[in-house]
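The structure under discussion appears below in the form of structure tokens.
What follows is calculated from the coordinates using simple rules that are stated; it is not laboratory data. Because the structure is predicted, anything quoted here is derived from the model rather than measured. Neighbour counts are summed over all protein chains in view; Cβ atoms, including those assigned to glycine, are modelled from backbone coordinates with ideal geometry.
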Amino acid sequence: MKEIVFENICKSYGKTQVVKNLNLTIKEGERLIILGPSGCGKSTTLRMIAGLEQPTSGKIYMDGKCVNEVKSGDRNIAMVFQNYALFPHMTVKENIIYGLKAHKIHKDEIEERLNAAVKMLKLEGLEDRKPKDLSGGQRQRVALARAVVKRGDFFLLDEPLSNLDAQLRGHARKELVKIHETYNQTFIYVTHDQVEAMTIGDRVALMNKGDLQMIDTPQNVYNKPTNIFTAKFIGSPSMNIFDVDYKNKFIKLDNQKIELSNSWVELVESNKINELSFGVRPEHVEISSECLPNSFKGIVKYIEDYGNKIGVYFEIEGNEVIALVDDNKFKNGDEIYYKPNFEKIHLFDRETTMSIGYPKEI
């Protein structure tokens, strides 16, 4: 089984603990994205898989074997770094096949792998150029080609697209998925970019301050976040979250209140929690200058035009809230009514910040 298992992994640098008691299984052949803000421990986790860092405690298993003491070169991995790490004095061809020659692969096999990678990554005609003669996108593709030709069991990528512009990143994401579908390696990709995570991954592992916050499909991470951190990190603009109190079917925000549906009432009361954090994504609300039933009232503070959508920022009882709408019908100072889609709301325990769950029909 070409899977990777983290068993109670901790990694510290002096007194600073950057990965905390990580238990994680990366399935054979899946595309797992390790996502999180800078400093959350995601690159350190990848480097421990690669053998470039050693765990402070715990065990890492690859292909069923503990690899804590196994050298990086003996782990059958292929890795792409953020800075590409190309040899400046070598041509594109020499950079791509360097590792194969070092492993004494037969020259006919080297040629076959080289040609396949060059064609896949559209590097034809660039084989004799040096890295200084290439664009950033071309260098990135050379780094990918060098990893592809190795055909290791494990394909590791550490923010490989962060130096590219938006258009090139979009193209490169498609190429990475094609590469994985061609070779079906166990694929681990580190990024802070949620768009990359949502479009590339079979599953997303979200980390923060060394802790694993949630691991699930991109759809579940977005639609059913396990805690407030996940809810706010995933999505742009991020989820609206404000503190409310629950009593007798109503959630109250200072002097305003709205009534929950019976299914939400049943869930809240079964959890026996009255102090909640209420969350709803900006695209899951209706706003109107006319009074809407079961809505909060607010004042427009700011409007942003995103081209395809309008972001309307407003204040409800001292809380800044944003709604995404199709047309700009509002101006600063307008009084508006804010009605959540109750099939799309999220409720969290205010003390623990954990989700209380979702009604069965949701």
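Annotations
- Charge dipole of the range 230-349 about the Cα centre (unit charges at C-beta), most positive-ward option of 260, 237, 340: 260
- Considering only the range 104-252, percent of DSSP beta bridges that pair antiparallel, nearest 5: 60 percent
- Toward the positive end of the charge dipole of the chain, with +1 on the Cβ of Lys and Arg and -1 on the Cβ of Asp and Glu, the farthest Cα among 314, 167, 227 is that of 167.
- Proximal charge balance of residue 57 [Cβ under 11 Å; K/R count +1, D/E count -1]: +2
- Listed by chain and number, the lysines whose C-alpha is less than 28 Å from the C-alpha of residue 11, apart from same-chain residues fewer than 8 away, are 2, 20, 27, 42, 59, 65, 71, 209, 232.
- Among (1) 22.0; (2) 19.7; (3) 18.0, the entry derived from the coordinates for mean projected area of the Cα convex hull in nm²: (1)
- Estimated 222 nm signal from helices in the chain, with DSSP H stretches of n ≥ 4 weighted -39500 (n - 2.57), rounded to 500: -8000 deg cm²/dmol
- Antiparallel DSSP beta bridges within the range 295-362, percent to nearest 5: 100 percent
- The GNM of the chain, with springs linking C-alpha atoms under 10 angstrom apart, assigns the highest mean-square fluctuation among 256, 82, 194 to 256.
- Pairs of Cα atoms nearer than 8 Å and 6+ residues apart set the relative contact order; for the range 154-222 it is 28 percent.
- Order of 280, 190 under a 10 Å beta carbon neighbour criterion, fewest first: 280, 190
- Extreme residue, positive dipole direction of the range 4-225, given options 208, 121, 152 (C-beta unit charges): 208
- Applied to the range 42-52, the Karplus parametrisation 6.51 cos²θ - 1.76 cosθ + 1.60 on θ = phi - 60° returns per-residue 3J(HN,Hα) values of 5, 5, 4, 4, 5, 5, 5, 4, 6, x, 7 Hz, with x for Gly and Pro.
- Using a cutoff of 8 angstrom between alpha carbon atoms and counting only pairs six or more residues apart, the relative contact order for the chain works out to 16 percent.
- Contact order relative to length of the range 80-234, as percent, for alpha carbon pairs under 8 angstrom and 6 or more apart: 21 percent
- Looking at the chain, the DSSP beta bridges with both ends there are about 75 percent antiparallel.
- Of the residues 203, 75, the one with the fewest other Cβ atoms within 10 Å heads the list, and the complete ranking is 203, 75.
- DSSP-assigned coil residues among chymotrypsin sites (Phe, Trp or Tyr not before Pro) in the range 40-132, each with at most 13 further Cβ atoms within 10 Å: none
- Along the chain, the longest continuous region that contains none of the GluC sites (Glu not before Pro) in a DSSP loop with at most 12 other C-beta atoms within 10 Å is 125-289.
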